[in-house]
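Trainee: Sharing a structure here in structure tokens format.
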Amino acid sequence: MIVKVKTKASANKVIEASGTYIVYTTASPHKGEANEKVVELLSKYLKVSKSNIRITKGSKSKTKTVEII
């Protein structure tokens, strides 16, 4: 699935729009903090374990490809 990330947002939330997920996170992109928060937020939103979510592409980009096992 395709995920677009908005860092340094005012609140943490996940929105689904046209088959793409938009994740707003208060975390900064420094040292992968935002990636960790994205996995956490998607885990809660999709009701799956964090260990079942993996960023397969775009770990340093705002647009990421995420795999759910």
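The values are calculated or read from the model by the stated rules, or taken from the named source; none is laboratory data. This one's a predicted model, so the numbers in the text were calculated from it and none came from an experiment. FYI the Cβ positions are ideal-geometry reconstructions off the backbone, even for glycines, and counts take in every protein chain you see.
Trainee: For the range 35-44, does any single residue satisfy the condition of being over 15 Å from K64 (Cβ atoms) and among the hydrophobic types (A, V, I, L, M, F, W, C)?
Mentor: Checked the range 35-44: no residue is over 15 Å from K64 (Cβ atoms) and among the hydrophobic types (A, V, I, L, M, F, W, C).
Trainee: Go through the range 20-45 and count every residue that is at pLDDT 95 or above and either of a type in the set (A, V, I, L, M, F, W, C) or in contact with a Gly (Cβ under 6 Å, 6 or more places away or on another chain) (or both).
Mentor: 6
Trainee: Looking only at the range 2-19, how many residues end up being at pLDDT below 95 and either at positive phi or touching a helix residue (DSSP H, G or I) at 6+ places or on another chain (Cβ under 8 Å) (or both)?
Mentor: Of the residues in the range 2-19, 4 are at pLDDT below 95 and either at positive phi or touching a helix residue (DSSP H, G or I) at 6+ places or on another chain (Cβ under 8 Å) (or both).
Trainee: Scan the range 1-59 residue by residue and report those that are buried (at least 16 other Cβ atoms within 10 Å of the Cβ), among the polar types (S, T, N, Q) and in a helix (DSSP H, G or I).
Mentor: Once the filter is applied, which keeps residues that are buried (at least 16 other Cβ atoms within 10 Å of the Cβ), among the polar types (S, T, N, Q) and in a helix (DSSP H, G or I), the range 1-59 yields N35, S43.
Trainee: Here is a follow-up. With the condition kept exactly as written, say whether any residue in the range 39-51 is polar (S, T, N, Q) and within 18 Å of T63 (Cβ to Cβ). Give the derivation first.
Mentor: Of the range 39-51, the ones polar (S, T, N, Q) are 43, 49, 51.
Then drop every residue that is not within 18 Å of T63 (Cβ to Cβ), which leaves none.
Checked against the condition, which is being polar (S, T, N, Q) and within 18 Å of T63 (Cβ to Cβ), the range 39-51 yields no hits at all.
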